[in-house]
Amino acid sequence: MSEYEYDFSAGIKEYKAIIDGGEAEWVPVTAQMAEFCMKYGGYNGHKFFSDPELFVRGNLDAQSKLGFDIPDLVWDVYSVEAEALGGDMAWFDELYPALDNTRVIIANEKDLAKAKAPDPFKTGRLPWVLEALQICKELTGYTHYMHYCAPINLAAQVMQFERLIMAMGENPKFVHKLMDFLVEEVLAPYINAYFKVLPDAYIANGKDAVGSLPFITEEILEEFSVPYILKLRELCGGGDGIRCDNWWGDAFAQDVDKYWDVKLTVTPQYLKVQDPDCFRVGTKRIREYADTRGCALSFGVGNHLLTQGPEEEIYKRIHEYMEVGSSGPYGKKFYLYLCSLSAQTPTSHVEAALRAIKDFRAGERPYAGQIFSGPDGIDAATTGGKGFMGIYASGVNREQLDADAAARKPIFQDIYDAVMAFDNEQCPVLVQQALDDGEVAMEVLDEGLIPPMGEVGDLFAAGEMFVPEMLLAARAMKAGLEVLRPILTKTQTKPKGVIVTATVFGDLHDIGKNLVGMMLEGAGFKVVDLGVNTKAEEIIETAKEVNADVIGLSALLTTTMPFMRIIIEQIKAEGLNIPVIVGGAPVSREFADNIGADGYGDNAPQAVMLCKEFVAKQAA
Ligand code: B1M
């Protein structure tokens, strides 16, 4: 009998054995599930994420009632430190809170000079986190590790992602200075405060959504990410408990073994690979690598599957991951992770997952020996066959591109090449040269500047170009466009159409939407971007005001997808005859049809194609 109010001792023993580099008797399972627990207990989002006792008890109650092995506390880890630096928060009744990054916290040297290092015991919700971790210890005896927002991710939060990426190229000295500030004056004192209030604590685990491929390139990872995690380690006592285990992007790595070696430098105890990468790369391939390194391993079952089911697929995937994960000479060094159970995840799916785990442990293995993951595995059951981040393996039609290039006037091809070379200095020079040679501005746009953006979108969609490169190509294209703009305005050349874009209410993800907007601009559309966390009223008002041709909605959370339906219903109720297209990782064609959307874009080029079609139809 445990001396603590909540008894997770058996699971904690196995889990701790693995994350400390040892072996477990059976496969422990952890899950990121705070939002699910909040909904399960019927709590309000603002209260849940600001009252430490409610937060801890709400998580522990749900986890012990459902039969989870290990207490798991994941607060809104991507906002707490940025909030303490003065960031604005968006609070929701039924969702995780999040940083509203509409307002940039630190944009330049001046802002950085003024930035005040937060006091971990006083500022914002930093003390809330420290208190929650102490309460967890009192109630369970478990020293729960601390989550922190990984340095590069925190930099993206305070500066905005796109701005940070561009600054890395344009003013790397400033970015390094910012990273130093974040590591030395924000993260290290915060983690050290945690070590102080819980003296037996030694693990702080970085969350790093944007710190991996394809958000950043391998070069950026090397220069701006890894060194700062290692620096943080030094500033927090030098132990390898300072880690960062949730990188994505394994499926995009040129040399995946090398990528995993880098992962092991920031998290030496184990290699964690989560869906969708885990399913794409394949459990066998990952197991083989871990065997060569003799390291512990963790597979993460994706939130799409856990939310959408069906239960049989959840069962199958868990059995495959547990079987392959726990096989071979290092099979006792394996734990399973359920990535993100949200407010939208049905309790029946969570129960199905737990049933699968229990059956596997009891030796009931109806799918023994069956492997579904790997490059040939089909994730169709859960994602409608769509790619990951709108990336699928169809490749780029090189022959067609070569034929188009051969048919293009040399000056237009030079402009095209300058955009593809991300040359924002040469591109405007070439555009000016084309004008001086007597080319018409509209032709320069249509023949020189727009076509490369099509190739950029296709390369991204094929996984051959990463986000930073897309941003650089767009910068070169825009530099060329600036030369044309006064002429196009003077001749009253109209844009190809006006598109209002927005990420829906409750959702603060905007990287995908911004890429869509960028591609639309690259294709000659005028984009009116309403940003993130947008309500129907604002969208409708703006669409009327700007006489929009199409409304484009994006959502990245299963919990915010339902707002798309609400927005579409309101647009229809208003009698607005504007087509609405939707997209975003969890959105599928089926879902789009169900909510009455007029179109669905799997990726940015498809969104552009749809807008072209709608505008052409309206003109006809
Ligand atoms: Co978030 N996050 N996140 N996150 N994050 C996810 C989405 C998640 C799947 C990770 C996980 O499994 N744990 C999970 C959602 C789980 C669920 O829904 N059940 C999640 C969570 C839980 C959260 C928080 C709650 C975390 C927390 O606080 N504990 C929090 C929520 C905040 C909120 O919105 N309320 C949060 C925060 C963040 C960051 C701020 C750190 C960051 C966002 C930064 C930003 O956007 N400025 C972030 C990121 C980056 C991710 C992941 C890693 C990547 C999302 C992304 O940008 N993809 C994601 C996990 C993953 O996917 N690996 C995750 C890249 C982008 C190019 O793809 O947007 O799909 P996508 O766009 C594609 C296509 O979909 C399409 O075109 C684009 C390009 O081809 N497309 C359209 C997009 N919009 C379109 C519109 C169209 C047409 C096509 O027509 C109009």
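Scanning segment 552-577 for residues that are under 25 Å from residue 612 (Cβ atoms) and within 6 Å of the ligand (Cβ to nearest atom) yields 552, 553, 554, 556.
Exactly one residue out of 190, 202 is assigned to a helix (DSSP H, G or I) and hydroxyl-bearing (Ser, Thr, Tyr): that is 190. Among the residues of segment 603-620, the ones that are within 15 Å of the ligand (Cβ to nearest atom) and surrounded by fewer than 22 Cβ atoms within 10 Å (Cβ to Cβ) come to 7 in all. Here residue 1 passes the criteria (1) modelled with pLDDT of 95 or more; (2) more than 15 Å from residue 341 (Cβ to Cβ) except the one numbered (1). Put simply, of 489, 493 the only residue that is in a helix (DSSP H, G or I), without any contact (Cβ under 8 Å) to a residue 60 or more places away in the chain, under 19 Å from residue 527 (Cα atoms) and away from the ligand (no atom under 16 Å from the Cβ) is 489. The residue that is nearest to the ligand (Cβ to nearest atom), among those in segment 327-341 that are closer than 18 Å to residue 17 by Cβ and buried (at least 21 other Cβ atoms within 10 Å of the Cβ), is 337.
Among the conditions (1) within 16 Å of residue 76 (Cβ to Cβ); (2) in a helix (DSSP H, G or I), residue 148 misses just one, which is (2). Condition (residue is more than 14 Å from the ligand (Cβ to nearest atom), under 29 Å from residue 104 (Cβ atoms), of a type in the set (Asp, Glu) and not in a helix (DSSP H, G or I)) applied to segment 424-440: is it met by at least one residue? Yes, segment 424-440 contains at least one residue that is more than 14 Å from the ligand (Cβ to nearest atom), under 29 Å from residue 104 (Cβ atoms), of a type in the set (Asp, Glu) and not in a helix (DSSP H, G or I). Restricting the first residue to segment 599-610 and requiring it to be over 17 Å from residue 588 (Cβ atoms), which pairs with a second residue that is within 7 Å of the ligand (Cβ to nearest atom) and assigned to a helix (DSSP H, G or I) meet a Cβ separation below 6 Å and a spacing of at least six or different chains? Matching pairs, first to second residue: 605/461.
Taking the options 477, 465, name whichever one is within 16 Å of the ligand (Cβ to nearest atom) and among the hydrophobic types (A, V, I, L, M, F, W, C).
Details: 477 fails: within 16 Å of the ligand (Cβ to nearest atom).
Sole residue among the options that is within 16 Å of the ligand (Cβ to nearest atom) and among the hydrophobic types (A, V, I, L, M, F, W, C): 465.
Scanning segment 207-237 for residues that are touching a strand residue (DSSP E or B) at 6+ places or on another chain (Cβ under 8 Å), without any contact (Cβ under 8 Å) to a residue 60 or more places away in the chain and either among the basic types (Lys, Arg) or within 16 Å of the ligand (Cβ to nearest atom) (or both) gives 208, 233. Which one is surrounded by the fewest Cβ atoms within 10 Å (Cβ to Cβ), of the residues in segment 532-546 that are away from the ligand (no atom under 13 Å from the Cβ) and not in a helix (DSSP H, G or I)? Out of the qualifying residues, it is 546.
Of all residues in segment 410-425, those being surrounded by fewer than 18 Cβ atoms within 10 Å (Cβ to Cβ) and of a type in the set (Gly, Ala, Ser) number 1. In segment 212-328, counting only helices (runs of 4 or more DSSP H) that sit wholly within it, the ones holding 3 or more residues that are among the hydroxyl-bearing types (Ser, Thr, Tyr) and closer than 28 Å to residue 14 by Cβ span 283-293. Among the candidates 201, 156, the residue that is touching a Phe, Trp or Tyr at 6+ places or on another chain (Cβ under 7 Å) and either farther than 17 Å from residue 74 by Cβ or not basic (Lys, Arg) (or both) is uniquely 201. Looking only at residues in segment 7-28 that are under 28 Å from the mean Cα position of the chain (by Cα), of a type outside the set (D, E, K, R) and at pLDDT below 95, the one that is farthest from residue 264 (Cα to Cα) is 15.
Being within 12 Å of the ligand (Cβ to nearest atom), buried (at least 20 other Cβ atoms within 10 Å of the Cβ), under 26 Å from the mean Cα position of the chain (by Cα) and at pLDDT 95 or above is a property that residue 597 has.
Inside segment 60-106, residues that are touching a residue at least 40 places away in the same chain (Cβ under 8 Å), within 14 Å of the ligand (Cβ to nearest atom) and of a type outside the set (Phe, Trp, Tyr) make up a count of 22. Filtering segment 426-440 to residues that are surrounded by fewer than 20 Cβ atoms within 10 Å (Cβ to Cβ) and under 23 Å from residue 492 (Cβ atoms) leaves 432, 435, 436, 438, 439, 440. Within segment 342-356, can one find any residue that is touching a Lys or Arg at 6+ places or on another chain (Cβ under 7 Å), away from the ligand (no atom under 16 Å from the Cβ) and either under 26 Å from residue 374 (Cβ atoms) or not basic (Lys, Arg) (or both)? Scanning segment 342-356 turns up no residue that is touching a Lys or Arg at 6+ places or on another chain (Cβ under 7 Å), away from the ligand (no atom under 16 Å from the Cβ) and either under 26 Å from residue 374 (Cβ atoms) or not basic (Lys, Arg) (or both). Kindly list the number of the only condition in (1) buried (at least 16 other Cβ atoms within 10 Å of the Cβ); (2) at pLDDT 85 or above that fails for residue 384. Against the list (1) buried (at least 16 other Cβ atoms within 10 Å of the Cβ); (2) at pLDDT 85 or above, residue 384 comes up short only on (2).
The values are calculated or read from the model by the stated rules, or taken from the named source; none is laboratory data. Everything numeric in this text was worked out from a predicted model, so none of it was measured. Neighbour counts are summed over all protein chains in view; Cβ atoms, including those assigned to glycine, are modelled from backbone coordinates with ideal geometry.
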